[in-house]
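Single-structure report; data block below.
The values are calculated or read from the model by the stated rules, or taken from the named source; none is laboratory data. What you see is a predicted model; the values in this text were computed from it and never measured. Positions of Cβ are generated from backbone atoms using ideal geometry, with glycine treated the same way; all protein chains shown enter the neighbour counts.
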Amino acid sequence: MPVRQTSYADIVDRVSPAVVTVHAQRRVRAPQQFPFFNDPLLRQFFGAPSRSAPQAAQRVQALGSGVIVRSDGYIVTNHHVIDGAEAIKVELADRRVLDAKVIGSDAPSDIAVMKVDAGQLVALSPSDSDDVRVGDVALAIGNPLGLGETVTAGIISAKGRTTGLSDGTFEDFLQTDAPINRGNSGGALVNANGDLIGINSQIVSPSGGNIGIGFAVPSNMVSEVSDQLIKGGKVRRGQLGVSIQPVTPDIAASLGMKQARGVIVNDVVRGGPAETAGIRRGDVIVAFNSKPVVDGNTLRNQVAATAPGTAVEVTVVRDGREQTVRATLSEYQAREKPAEQG
């Protein structure tokens, strides 16, 4: 009879030294001291404060978590944890507090990389999140609400989630019911073997506290983004140059498809890779580099994870028949509010 695992203490002992607390200091404008002066009647009787008097700025501390991914001091956290920070300090598991420098930050994926001047640190290398299955045990490690390093347990509730709560450009979240609260952002999500499978990023909650719906950036995206940030300080993504929408059962039937799959091309960017490759409006993209296209988010992430200038194979259904075309990706240019694109 197999022995049932009753403790994750050995895994936590091995993993927790790689999880850090991030203190990010920001400067914000102080709130107006006398808001009643906005009332014209009160301004008439009491006068108004001088507009030339500068408003003092306040420094506020943002608290988050991070994961050491290289023993020479590279640390991954969330973009939103360090965004706008003037100074960042990292507290290690051994209580050392070190200054951290931002190497690069990527809002579309909500991933940032920092560096501390230290060596021989315990590190966690991202594992293959494609191997993660719904129902797998998940442990979240971070510093929720400033209480100190905390471990919570749950399972993987879903994969490939989108929330649109932040930038919303490139999302492929692992959903977990392992309790995640404010301060956990940037911390580690590991499996029952202690492998890093994600970086905790968001929660859905009407109260701001944990209700069992948390999201982590999957380790494959973390690895791809952090490697680029470390090497060049920014992320370059491929772009196919199409606008797309889901294939509904009605659309599939009208196109003579046996089942709804892939995405239908609404428009093609003039002169872009798709048009050059011969992709047309009305084509249904069902595979990218031989990998099935489940929905628009899947295609967008598949394309984005491929370097600009790369030759790719795109399988489309046209007039009821599948055909594969080759395209060379251009470089994605960020927009303020991107449309559904691949």
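The table for this structure:
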item: Residue in the range 200-223 that is hydroxyl-bearing (Ser, Thr, Tyr), in contact with a strand residue (DSSP E or B) (Cβ under 6 Å, 6 or more places away or on another chain) and part of a strand (DSSP E or B) present; result: yes
item: Strands (runs of 3 or more DSSP E) lying entirely in the range 20-120 (those with 1 or more residues that are among the charged types (D, E, K, R) and modelled with pLDDT of 95 or more); result: 57-70, 87-91, 97-106, 111-116
item: Residue in the range 313-321 that is touching a helix residue (DSSP H, G or I) at 6+ places or on another chain (Cβ under 9 Å), closer than 30 Å to Lys115 by Cα and not assigned by TED's automatic domain parsing to the domain that holds Pro218 present; result: no
item: Residue pairs meeting the criteria (Cβ under 9 Å; at least 6 apart or on separate chains; first modelled with pLDDT of 95 or more, in the range 127-140; second exposed (fewer than 12 other Cβ atoms within 10 Å of the Cβ)); result: Val137/Gln5
item: Qualifying residue in the range 110-118 (condition: among the acidic types (Asp, Glu), closer than 24 Å to Arg236 by Cβ and out of contact with any Pro (no Cβ under 8 Å at 6 or more places or on another chain)); result: yes
item: Options Ala260, Ala252, Ala178, Ala192; residue that is out of contact with any helix residue (DSSP H, G or I) (no Cβ under 9 Å at 6 or more places or on another chain) and farther than 27 Å from Ile82 by Cβ; result: Ala252
item: Flag for Val81 being over 20 Å from Gly232 (Cβ atoms), touching a Ser or Thr at 6+ places or on another chain (Cβ under 7 Å) and of a type in the set (Val, Ile, Thr); result: yes
item: Check on Gly238, within 30 Å of Arg281 (Cβ to Cβ) and surrounded by 18 or more Cβ atoms within 10 Å (Cβ to Cβ); result: yes
item: Flag for Gly160 being assigned to a strand (DSSP E or B), at positive phi and surrounded by 15 or more Cβ atoms within 10 Å (Cβ to Cβ); result: yes
item: Criterion violated by Thr150 - all others in (1) assigned by TED's automatic domain parsing to the domain that holds Gln202; (2) of a type in the set (Ser, Thr, Tyr); (3) touching a Phe, Trp or Tyr at 6+ places or on another chain (Cβ under 7 Å) satisfied; result: (3)
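Each row is one residue, and each column tells you yes or no for (1) more than 26 Å from Met221 (Cβ to Cβ); (2) crowded, with 21+ Cβ neighbours inside 10 Å.
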residue	(1), (2)
Ile244	no, yes
Gly256	yes, no
Gly282	yes, no
Asp295	no, no
Thr298	no, no
Gln302	no, yes
